[in-house]
Amino acid sequence: MAKGLAYALLKLPIIATLEQHLGIDLTSLRQVVFDWEDQIERGLATWDDLAHSDPTRDAALQQQLRELQDELTAAWQPPEALRQTIVWLLSALESLPPPTLAAICATVPAEPSQRDFITTYLGEGSLREDLESVLLMLRWAELRGATRVRLVTR
């Protein structure tokens, strides 16, 4: 997944803001998981390699790994559901005049340092480009027989 899309979906309330202004359900785009399994496993390996392993920390890392695996499992969805959500959003974005889109961008709750990203990403079309790329990936997955997909970033 594109880094801009991952950042927009995981770190900023862009989807909630778009849902509010456009009146469409974007739940499929909320099912994004940051896969940090490698980082957890590196932490476990580090502790396993030490002579004085900390059982409490090891148990906490094991719990984090189980929770992540649950999140990854829950993120699976039918490709058609994700495709339909993206098509609705792209259609809605295309129908907005630039001043309306700029006004929506201004309502996304964000830190001042995130404003430029929001303006560029949402207002200047980068979100549309990333969503079109996801549609291509969905088409590729379905051609290979996928019956479920998920949005995962690392």
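Observations on the structure shown:
- For the chain: relative contact order, % (alpha-carbon pairs under 8 angstrom, 6 or more apart): 40 percent
- Computed from point charges on the beta carbon alone (+1 for Lys and Arg, -1 for Asp and Glu), the dipole magnitude for the chain about its Cα centre is near 380 Debye.
- Spin-label zone in the stretch 84-106 - amide nitrogen under 15 Å from a point set 7 Å from the Cα of GLN20 along the C-beta vector: 103-106
- Gain on full stretching of the segment that runs from PHE34 to THR147 - 0.36 nm per residue minus C-alpha separation: 38.5 nm
No lab work stands behind these numbers, since they all come straight from the coordinates. Note that the structure is a prediction, hence the values are computed from the model and not measured. When we count neighbours, we look across all protein chains shown, and the Cβ atoms used for this are built from the backbone with ideal geometry, even at glycine.
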